[in-house]
Amino acid sequence: MKHSRSAGVILHPTSLPSRFGIGDLGPTAAAYAEWLAGVGARWWQVLPLHPPGPGDSPYSAISTFAGNELLISPDLLVEDDLLDDAEVADVPDFQAEWVDFDRVKPFKLALLQRAYLRFRDTGPAALTQQLVEFRDHHRDWLADYALFRALKDAHEGAPWYEWPRGLAHRDPETLLDWMQHHTEEIDFVEFCQFLFFRQWTALREWAHEMGVGIFGDVPIFVARDSADVWAHPELFVLDDDRRPTVVAGVPPDYFSATGQLWGNPLYDWERMARNGYSWWVSRMRRTLATVDVVRIDHFRGFASYWEVPVDEDTAINGRWRPGPGKPFFDALEKALGSLPLVAEDLGEITTDVIELRKELGLPGMAILQFAFSPEPRSTFLPYALERDLVVYSGTHDNNTTVGWYEEDATEEEKDFVRRYTASSGREINWELIRLAMASVCDIAIVPHQDLVGLGADCRMNTPSVAEGNWRFRITPPMLGEGIQARLYEMIEVYGRVNPV
């Protein structure tokens, strides 16, 4: 899919300002879409919007179909008469700069419980009908997820493979008996999903009115402790007890000397192919109903993927296995039409990965922080870039640009980037932003942290580090008119202003 020359910013909704301890889909999200429109940006790039699992990572979600209920806006629930002003007035003293997930989760879930009880007892007829329609429209995944989530909560968050066998292995009589005694807990989960998608749809429509599209993200793999694996074990490489024998990861690369041992179960691609990749078709259909462009995380896994024995401690001792290749994408396109995808083709990229991306006509990615190793010269250097790429100063997995320059870059890289940009490096963040905007690439995207010049403590994620990630939040001064004007100037000078 071809894209016009444009620009965007990465900021996950959890990172937005809010008095509720975490960014949400309410007024500040609408204001951020308007702020992006004001700088001439075409894209707001977000991370996966699903309910996160251990470590609060959106890339290790407990469902690849459901939405993260922590993003539901209490302010919008007041507008719907599901909460009153007094119920959202007494808010704990949350930090403005970081998400404290351990404090936010019980607070937000208590508010959602209040909203559910009010809806159950005195819910407006219009909302009740909308919920009925929502359940029908999402019946292919919602019932499984709601049951999974209610079971997980009842077992104090334990992974499904530690539940009693009848529940873990989905014995029909055991499940039916449990459901009959926990209907309200299941209804609550469905209600929260209704609220999430109702609010997200309204936000996306508002962004579209501003001329801003949503650039989404689909991880290739799903978590073992997810509704997806629990409900569809036949689609994954598991033994008779539904335990993985091999897991996903990547070999050593510039992110980690020991590789990354993700631990996700691997797909049974042969079985998926026999039914036309129907689960993936449903997954992508749901994603494309939520966002406008999809970044396919770890695209190289569709050409070949790294398989690691389940008992390994690192990802070093793995092997490459063939992925589903072009027939997989042909099946998606046959079912869904033209696919607005971007291939995340970072890491150890071989000829087969490049050939698959080119054959599919998908844009790839270039990261400027990886461009300045003097020898051998990187294909990410701006003079080597091509139009069919999305260029970034850095991504959610990188350090901030200031953090990279101050802590990660070698002296040779620092010298090269200063000479390349004809600068002192004092505002290295804006130098890389300028290189991205000036490049020939059709799309240029930068993290909001780089607009502000924030350091390493404000990075979103450190790969292979399990704790302390995904917590960053912006504060109102980081949306100041000075930053907005400077970004607009750069977008305008380099011909990327959104015409809408």
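Just so you know, all these numbers are worked out from the coordinates, no wet-lab data involved. Quantities reported herein were computed from a predicted structural model and do not represent experimental measurements. When we count neighbours, we look across all protein chains shown, and the Cβ atoms used for this are built from the backbone with ideal geometry, even at glycine.
Using 0.36 nm per residue and subtracting the Cα-Cα separation, the extra length available between E481 and T351 on full extension is 42.3 nm.
For the range 353-362, the Karplus equation 6.51 cos²θ - 1.76 cosθ + 1.60, evaluated at θ = phi - 60°, returns couplings of 5, 4, 5, 5, 4, 5, 4, 7, x, 9 Hz by residue, with Gly and Pro reported as x. Once the chain from S464 to T174 is taken as fully extended at 0.36 nm per residue, the excess over their C-alpha distance is 100.6 nm.
Would you please classify the overall shape of the range 164-274 from the alpha carbon gyration tensor, given that a ≥ b ≥ c denote the square roots of the eigenvalues, rounded means a/c under 1.5, and beyond that prolate means a/b larger than b/c while oblate covers the rest? It comes out oblate by the Cα gyration axes. Compute the whole-percent fraction of alpha carbon pairs in the range 119-210 spaced more than 19 Å apart. Value for the range 119-210: 49 percent of Cα pairs lie more than 19 Å apart. DSSP bridge analysis restricted to the range 191-298 gives an antiparallel fraction near 55%, rounded to the nearest 5. Between E412 and H181, the simple spin-label model (points 7 angstrom out along Cα→Cβ) gives 6.6 nm.
What FRET efficiency comes out for the pair D90/V500, r = Cβ-Cβ distance, R0 = 51 Å, nearest 0.05? In this case the efficiency is close to 0.80. Between E489 and A289, what FRET efficiency follows from the Cβ-Cβ distance if R0 is 30 Å, with the result rounded to 0.05? After rounding, the FRET efficiency stands at 0.25. Taking Cα centre as origin and charging only the Cβ of basic (Lys, Arg, +1) and acidic (Asp, Glu, -1) residues, the dipole magnitude of the chain rounds to 1280 debye. Counting Lys and Arg as +1 and Asp and Glu as -1 over every other residue whose Cβ lies under 15 Å from the Cβ of E411, the net charge comes to -4. In the chain, the DSSP beta bridges split such that about 40 percent are antiparallel, to the nearest 5. Take the Cα of T128, step 7 Å toward its Cβ, do the same at E312, and the gap between the two points is 5.6 nm.
Between A422 and D253, the FRET efficiency estimated from the beta carbon spacing at R0 = 30 angstrom works out to 0.45. Kindly identify the range 327-367 as rounded, prolate or oblate by the Cα gyration tensor criterion: order the square roots of the eigenvalues as a ≥ b ≥ c, call it rounded if a/c is under 1.5, otherwise compare a/b with b/c, prolate if a/b is larger, else oblate. Here the range 327-367 falls in the prolate category.
In the chain, the DSSP-assigned H stretches of four residues or longer account for a calculated mean residue ellipticity at 222 nm of -12000 deg cm²/dmol, using -39500 (n - 2.57) per stretch and the full residue count as denominator.
According to the square roots a ≥ b ≥ c of the eigenvalues of the Cα gyration tensor, what is the shape class of the range 187-245, taking rounded for a/c under 1.5, prolate for a/b larger than b/c otherwise, and oblate for the remainder? In terms of gyration-tensor shape, oblate. Amide H contacts under 5 Å for R295: G216, D217, V218, V342, restricted to partners 5 or more places along the chain or on a different chain, H placed in the peptide plane at 1.01 Å from N. Peptides 172-182, 103-113 ranked from most to least packed by the mean count of surrounding Cβ atoms within 10 Å: 103-113, 172-182.
Along the axis of the charge dipole computed for the range 86-127 (Cβ charges of +1 for Lys and Arg, -1 for Asp and Glu, origin at the Cα centre), the listed residues P92, F119, P106 are led at the positive end by F119.
Taking Cβ atoms as reference points and 15 Å as the exclusive limit, the residues near L487 contribute a net charge of -3, counting Lys and Arg as +1 and Asp and Glu as -1. The stretch between D239 and R120, if pulled fully straight at 0.36 nm per residue, gains 38.6 nm over its current Cα-Cα span.
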